[in-house]
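Chemist: Have a look at the structure that comes next, please.
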There are 2 protein chains.
Amino acid sequence: MATPSCGKPHDVYAAACPCRDMLDLLANKWSALALGALEDGPRRFGAIRAKLEGVSPKVLTATLRRLEEHGLVDRTVYPAVPLHVEYSLTPLGQDACEPLALLRRWVVDNIDRFPGSPVLSDPSVSVGA
Amino acid sequence: MATPSCGKPHDVYAAACPCRDMLDLLANKWSALALGALEDGPRRFGAIRAKLEGVSPKVLTATLRRLEEHGLVDRTVYPAVPLHVEYSLTPLGQDACEPLALLRRWVVDNIDRFPGSPVLSDPSVSVGA
DNA sequence: GCTGCTGGTATCCAAAGGGAACTACGATGG
DNA sequence: CCATCGTAGTTCCCTTTGGATACCAGCAGC
């Protein structure tokens, strides 16, 4: 159990607990995807951008910087000729990937159960064809 | 493994996949907290609001409506005198709680590893005393 | 000197988040 | 009769974040 220095147990439901900020950081679409993109090893900005389809460079930069600030990713610049920047997970970031990977996976595995998926209501579409 | 009816595997990294929307819904601070607040059974609006310290009624309403729309929670109105509204998890919502609970728990368990936690840099505070 | 590659900023606009006050409803009660 | 309370929101306004597009810097090669 968390043994906080503040003398009371950490609780994501408490507004003042730093947990709240961490949850806000991790419980975020782009953070969850970006960390997942680094699971297989370091990646360059362009590669992450390509993997996270639809992310704008501004938002991706902001997301990565925020993750870096909180010690979840490392940013390494190789000042070679075409400039080369690599992002990688810190040990903490790797650990954080586990629950996020489970969440991403749960979504993928259960998406067809959601109402509103055009999928469910139309048996005529070729299933698994 | 997800066997999507669309013929190709679902992928949260694909911009066009409905998974993206689901991830956006679940990978959200207030959604994660609100679903967790309903894990122990139905709760009333006021109770949820009290548990999720710091949430404004506007945002809570929006969050719950969005979860309801996507079939994760049920909203039941008891038109008694003082008006009574209960929110509860659907089976899908209950399932979604598992990965979210793991995430919340990971945050609580690992918060002290984060740099920037005032905690780490000050051994004078009684840790686990 | 122009193009291309890489890794971003700058700019602008729309959407979401957040705080505080206000509404509707009927019971209760002075 | 009017005021007050409790519940569950809604409305307003402002700030923050997200998102799309355009542009910039440094250097290789042509």
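Chemist: If you average 1/r over every pair of different alpha-carbon atoms in segment B:18-108 and take one over that average, what Kirkwood value in Å do you get? Could the numbers behind the result be given before it?
Modeler: On the way: mean 1/r = 0.0750 Å⁻¹.
When all Cα pairs of segment B:18-108 are included, the Kirkwood radius is 13.3 Å.
Chemist: Put a dot 7 Å past each Cα toward the Cβ at B:A62 and B:L92; how far apart are the dots in nm?
Modeler: Placing both labels 7 Å along Cα→Cβ, they lie 2.2 nm apart.
Chemist: For B:A27, list long-range residues whose amide hydrogen, built 1.01 Å from N in the peptide plane, is under 5 Å from its own amide hydrogen.
Modeler: Hits under the 5 Å cutoff: none.
Chemist: Quote the FRET efficiency, to the nearest 0.05, computed for A:A101 versus B:H84 with a Förster distance R0 of 45 Å and r equal to the Cβ-Cβ distance. Working shown, then result.
Modeler: Values: r = 40 Å, r/R0 = 0.89.
Given R0 = 45 Å and the Cβ-Cβ separation, E is 0.65.
Chemist: Along the Cα→Cβ direction, 7 angstrom out, place labels at B:A50 and A:V77. What is the inter-label distance in nm?
Modeler: 5.3 nm
Chemist: Mind grabbing the interface size between A and B? I mean buried accessible area, both sides, 1.4 Å probe, in Å² to the nearest hundred. Working shown, then result.
Modeler: Values: alone 9000 and 9020 Å², together 12920 Å².
Adding both sides of the contact gives about 5100 Å².
The values are calculated or read from the model by the stated rules, or taken from the named source; none is laboratory data. Predicted, not measured: the structure shown is a model, and the values here were computed from it. Cβ sites come from the backbone with ideal geometry, for glycine too, and all protein chains shown count toward neighbours. For the accessible areas, the whole protein counts, side chains as well, though only heavy atoms, and no ligand, DNA or RNA atoms are used. Shrake-Rupley method; radii C 1.70, N 1.55, O 1.52, S 1.80 Å.
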